[in-house]
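Note sheet for the following structure.
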Amino acid sequence: DPGDWRERTYPLRFIEQEEFQDYSGWVTVRRELPAKLPQLADSEGGLALYTGIVSDVSVYYLNGREFARLGAAEPYRSAAYMNLLTQVPVDALEPDGPNTLTIALYTQGVEPLDLSDARLQMGAAGDVYAAYYQGEIITLCMLAVYMVTGLYHLLLAARRPKDLYNLYFGLLGLVVSCYWFFRT
């Protein structure tokens, strides 16, 4: 129902809004895309969408055509705090516009709704993929630094058992790097 639509600005922090506390159900977010997008898709060889972290179940549409989904509403399968990096179907674009990106979010009240990641972007596929992989490379390099630092301090703890802080710091470094590894 068009009367139920409300205009909001991004980022959408549903958790901060009283009406979405302990909310269960669907929320649909629409955004009209720039008119130059079909020309960009033709000149750059395609489009891609990166959402960053999105909460629970999400379904993505371009001009009413579903092109991606995270999780499932029936049977319920949460995809909370996952990222989506996907190609956008260029054939779904209207050359003369308007083009609309629609994101349907669902929660059973277990995970809060969230669509507020600063990394959300849609554009030339090469640029979106390059930005994503650049971030992942930096993350893995930092992960390696934490792991090596943790192992070095464990080695120091083995050589000098009286210095317990080396043991604790080494274990902390390894635990943080393992946690980070499983989150990427």
Which numbered condition residue 130 misses (of (1) of a type outside the set (Val, Ile, Thr); (2) part of a loop (DSSP other than H, G, I, E, B); (3) exposed (fewer than 15 other Cβ atoms within 10 Å of the Cβ); (4) out of contact with any Pro (no Cβ under 9 Å at 6 or more places or on another chain)): (2)
Some residue of the range 111-121 being outside any loop (DSSP other than H, G, I, E, B), touching a helix residue (DSSP H, G or I) at 6+ places or on another chain (Cβ under 7 Å), open to solvent by 50 Å² or more (accessible area, probe 1.4 Å) and closer than 30 Å to residue 36 by Cβ: yes
Close pairs from the range 162-184: first open to solvent by 100 Å² or more (accessible area, probe 1.4 Å), partner among the hydrophobic types (A, V, I, L, M, F, W, C), Cβ under 8 Å, at least 6 apart: 181/143
So residue 143, is it within 20 Å of the chain's Cα centre (by Cα) and open to solvent by less than 50 Å² (accessible area, probe 1.4 Å): yes
Residue in the range 52-66 that is within 22 Å of residue 129 (Cα to Cα), modelled with pLDDT of 90 or more and of a type in the set (Phe, Trp, Tyr) present: yes
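The values are calculated or read from the model by the stated rules, or taken from the named source; none is laboratory data. Quick caveat: nothing in here was measured; it's all calculated off a predicted structure. Neighbour counts run over all protein chains shown; Cβ positions are idealised from the backbone, glycine included. Protein only, heavy atoms only, side chains kept; ligands, DNA and RNA dropped before computing areas. Shrake-Rupley method; radii C 1.70, N 1.55, O 1.52, S 1.80 Å.
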